[in-house]
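Chemist: I am attaching a structure below and will ask some questions about it afterwards.
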Amino acid sequence: MFYPLSVFIGLRYTKSKRNNQFVSFVSLFSTGGIILGVLALITVLSVMNGFEGELKQRILGAIPHAKLTNQSQTIDNWQQRIDLIPSESSVVSIEPMINAEAILQSKTGLQGVKIEGIYPEKYGSKTVQDNIIIGSIDDLKASEYNIIIGDQLANKLGVRLGDKVRVTSTRGVRYTPLGQVPSQRNFTIAGFFNVGSDVDQYLVLMHAEDAARLIRINTNQVTDLRFYFNDPFAVESWQPPALNDNEMIIDWRSTHGELFAAVKMEKNMIWLLLCLIIAVAAFNILSSSVMVVTDKSAEVAILKTLGIQASTINFIFIIQGAFSGIIGALIGTGLGLLLSTYINEVMTFLGLHLLANASGGARILPVVHEPIQIVSIMFGAMFLSLLATLYPAYRAGKVSPVEALRYE
């Protein structure tokens, strides 16, 4: 009794029995379509967000987000150069680094690797530090010639903790009467890490001073300065520092940008395809609303003869039609959040394993809920449902009492 007339009658129409059972079936089917579309969209995008987060953590967490270098790949007095760089809130740390390609040789094999000479107290990659399974980053001390390598690289070379390996650098070549002699030195395996990405196969960490001696540069020189951000995607809006002659800035987009662009495009395509399910359900709401208008044309005519305005009639059928979409969006959002949260338990119950570890075991699906994304899906479904009711409501307002009640 406290509702406006249009709301009261519109809600009554959603509960009333109709003369045409097919109209009720189409209305129920359209609500189910909205539920299914919202549920699928939230579940799939939450899993895609999880995979994107995994890639960001495992790949971008183990590599520099941006680096400052020059054509000679030698930066003198790096401490002073860092002091001249203005601080930015998005930059977590600036790390001096010696970067070079090398060959790692053990008693049973050899492998091309990428060496990184670091200062442990300034090392910015938390992903590698948090995934060291044996040893510690502090084991890399100057003049002790220790290294930490990935466990996959260790398996390829057949080495264990404490083994000696020979590191031959492609930089720092000496010229002798016998020709070019590459720089090489024996190092001791001091630890292993397992990031879970391809860096486990090629990355070798050592102290910066040991790396400087290996490639024959001064110990107060580095090859580049590396920037780490609180969010790797913040590099897109980052204002780089002023550069000196021959200096350049290279960020992760030049090496891994295509991968994340492909992931983003895939998410957009999945979003578009699953939105079509919601769009089809919205068209079902439109068709069912048209049928309801036809079914209730006599009642609309009676309301008009009682003095009800056409705008009130319009609102009655907007409320009646949008009710199915709103209820469907709310139920679909709740079920989508529930399914995506417990999707691994559901898959285990059904005996489905979409992912597998290298050891043969099952991996869980990563799930990340983005509140803005979920709210956008829910209100987007409601908006499409509301939009689908405008034409049937317009037709209801144009019903002529004379024509509708001629044969009553």
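The values are calculated or read from the model by the stated rules, or taken from the named source; none is laboratory data. Values in this document were obtained by computation on a predicted structure and should not be read as measured data. Please note: Cβ atoms are built from the backbone with ideal geometry, for glycine as well, and neighbour counts cover all protein chains shown. Quick note on the areas: whole protein, heavy atoms, side chains included, nothing else; ligands and nucleic acids left out. Shrake-Rupley method; radii C 1.70, N 1.55, O 1.52, S 1.80 Å.
Chemist: Which parts of region 80-94 would a label at ASN230 reach, counting a residue when its backbone N lies under 12 Å from a point 7 Å out along Cα-to-Cβ?
Modeler: Inside the label zone: 88-93.
Chemist: List the lysines whose Cα lies under 24 Å from the Cα of LYS107, skipping any in the same chain that are fewer than 8 positions away.
Modeler: The qualifying lysines are LYS156, LYS164.
Chemist: Further, regarding this structure: Near THR127, within a Cβ-to-Cβ distance under 15 Å, what is the net charge of the other residues, with Lys and Arg +1 and Asp and Glu -1?
Modeler: -4
Chemist: Among the aspartates and glutamates, which have Cα under 13 Å from the Cα of LYS267 when same-chain residues fewer than 8 positions away are ignored?
Modeler: GLU52
Chemist: Can you list residues from other chains, or at least 5 along the same chain, whose modelled amide H is less than 5 Å from the amide H of ILE134?
Modeler: Amide H to amide H, under 5 Å and 5 or more residues apart or across chains, ILE134 pairs with PHE192.
Chemist: Of the peptides 250-258, 99-107, how do they stack up when ordered by the mean number of other Cβ atoms within 10 Å, highest first?
Modeler: With the highest mean Cβ count within 10 Å placed first, the list reads 99-107, 250-258.
Chemist: Calculate the FRET efficiency for LEU84 and CYS275 from the Cβ-Cβ distance with a Förster distance of 56 Å, rounded to the nearest 0.05.
Modeler: The pair LEU84/CYS275 has a calculated efficiency of 0.70.
Chemist: Right, something else. What is the spin-label model distance, in nm, from ASN77 to GLU299 if the labels are put 7 Å beyond Cα along the C-beta direction?
Modeler: The answer from the label model is 8.7 nm.
Chemist: Classify region 286-329 as rounded, prolate or oblate, taking a ≥ b ≥ c as the square roots of the eigenvalues of its Cα gyration tensor: rounded when a/c is under 1.5, otherwise prolate if a/b is larger than b/c and oblate if not.
Modeler: Since a/c reaches 1.5 but b/c is at least a/b, the shape of region 286-329 is classed as oblate.
Chemist: If you don't mind, there's one more thing I want to ask. Which of rounded, prolate or oblate describes region 45-186 when judged by the alpha-carbon gyration tensor and an a/c cut-off of 1.5?
Modeler: oblate
Chemist: Considering only protein heavy atoms, what per residue accessible area in square angstrom results for region 83-168 with a 1.4 angstrom probe?
Modeler: 51
Chemist: Rank LEU337, LEU55, LEU243 by mean-square fluctuation in a GNM of the chain with C-alpha springs under 10 angstrom and give only the top-ranked residue.
Modeler: Answer for the Gaussian network model of the chain: LEU243.
Chemist: Now for a different question. Quick one: if you stick a label point 7 Å off each Cα along the C-beta vector at ARG216 and ASN344, how many nm between them?
Modeler: Computed distance between label sites ARG216 and ASN344 equals 5.2 nm.
Chemist: Taking the chain as a Gaussian network, where each spring joins two C-alpha atoms under 10 Å apart, which residue of ALA242, ALA329, ALA281 fluctuates the most?
Modeler: Comparing ALA242, ALA329, ALA281 in a Gaussian network model of the chain, the most mobile one is ALA242.
Chemist: Report the gain in length on full extension from ILE308 to HIS256: 0.36 nm times residue separation, minus Cα-Cα distance, nm rounded to one decimal.
Modeler: Difference between extended and current length: 12.3 nm.
Chemist: Please build a GNM for the chain, connecting alpha carbons under 10 Å apart, and tell me which residue among ALA190, ALA142, ALA40 fluctuates the most.
Modeler: Fluctuation is largest for ALA142.
Chemist: Determine the equivalent ellipsoid of the chain by diagonalising the alpha-carbon gyration tensor, then write out the semi-axes as square roots of 5 times the eigenvalues, largest first, rounded to whole Å.
Modeler: Over the Cα atoms of the chain, the ellipsoid semi-axes are 68, 23, 15 Å.
Chemist: Continuing with this model, one more query. Would you please state which residues of region 59-90 a label at LEU243 would reach in this model, taking the label point 7 Å out along Cα→Cβ and a backbone N cut-off of under 11 Å?
Modeler: From region 59-90, the list is 67-71.
Chemist: Continuing with this model, one more query. At what distance in nm do the modelled label points of ASN186 and PHE283 sit from each other, each positioned 7 Å from its Cα along Cα→Cβ?
Modeler: With each label point 7 Å from Cα toward Cβ, the separation is 7.5 nm.
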